[in-house]
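Below is one structure; the comments refer to it alone.
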Amino acid sequence: MVTRPRAYLAGPDVFLEHVTAIAACKKRLCAAHGMEGVFPFDEAIAERRRSPAAIARAIGAANEALIRECDLVIANCSPFRGVSMDAGTAYEIGFARALGKPVFGYTNVVADYRHRAERYRRLGDPLNADAAKSAIEDFGLAENLMIATATVARDLVRIRVKPGRELVDQRGFVRCLALAAKAMASSSRRRRGG
């Protein structure tokens, strides 16, 4: 029996209002591309009689276990709550890479990281987080170089979407699925010697 590659679906989607519908949509799209989508929301963490810190540790451990069980990661790296992507997703990308798993990433914002950071400076820094006027990397990448170059494509798939749809539009995800399906098929052929 041929098993479908399992794709861990990383991203800030778990925080969105319609998370269940988004998860179902992404899983359907994965199935259409010959993969099984594994959404981290699937792992229900019992919250009774546990402290918030214990719940957080349980969620982190469950997500790491899911990544270990998957063959690849597809990450929504669209900016989330600021200039850059979701910090938890960045961790998951690094974790997957350390395990030797291929990572595919997309963003629904086409501007380079440098342009977004410069715009943030121009608009003002309400938290005074950029007071040192630190250098902004300028490699023409969609995200910090350690994230962008961690992907199989060595940068993120970039899709321009309508304002307000940055975290929910699935076209970038579909493009990553196509890249992942092609890469996984090629890898499978190499393993079989063909």
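Brief remarks on what is shown
- Consider the range 129-140 and keep the residues that are more than 13 Å from VAL83 (Cβ to Cβ) and modelled with pLDDT of 75 or more. The one that is farthest from the chain's Cα centre (by Cα) is ALA135.
- Within the range 110-124, the set of residues being surrounded by 14 or more Cβ atoms within 10 Å (Cβ to Cβ) and assigned to a loop (DSSP other than H, G, I, E, B) comprises ALA111, ASP112.
- Residues located in the range 133-153, provided they are among the aliphatic types (A, V, I, L, M), surrounded by 13 or more Cβ atoms within 10 Å (Cβ to Cβ) and assigned to a loop (DSSP other than H, G, I, E, B): ILE136, LEU141, ALA142, ALA150, VAL152, ALA153
- In the range 11-42, of all residues being in contact with a Pro (Cβ under 8 Å, 6 or more places away or on another chain) and in a loop (DSSP other than H, G, I, E, B), the one that is farthest from ALA56 (Cα to Cα) corresponds to GLY34.
- Residue match in the range 173-193 (condition: over 14 Å from the mean Cα position of the chain (by Cα), under 19 Å from PRO5 (Cβ atoms) and part of a loop (DSSP other than H, G, I, E, B)): yes
- In this structure, ASP130 does satisfy being surrounded by 14 or more Cβ atoms within 10 Å (Cβ to Cβ) and farther than 27 Å from ARG165 by Cα.
- Restricting attention to the range 169-194, the residues being over 14 Å from ILE74 (Cα atoms) and modelled with pLDDT under 95 number 10.
- Considering VAL38, VAL19, the condition of being in contact (Cβ under 8 Å) with a residue 12 or more places away in the chain, among the hydrophobic types (A, V, I, L, M, F, W, C) and loosely packed, with under 15 Cβ neighbours inside 10 Å is satisfied by VAL19 alone.
The values are calculated or read from the model by the stated rules, or taken from the named source; none is laboratory data. Keep in mind the model is a prediction, meaning the values are calculated, not measured. Here the Cβ is made from the backbone with ideal geometry for all residues, glycine too, and neighbour counts use every protein chain on show.
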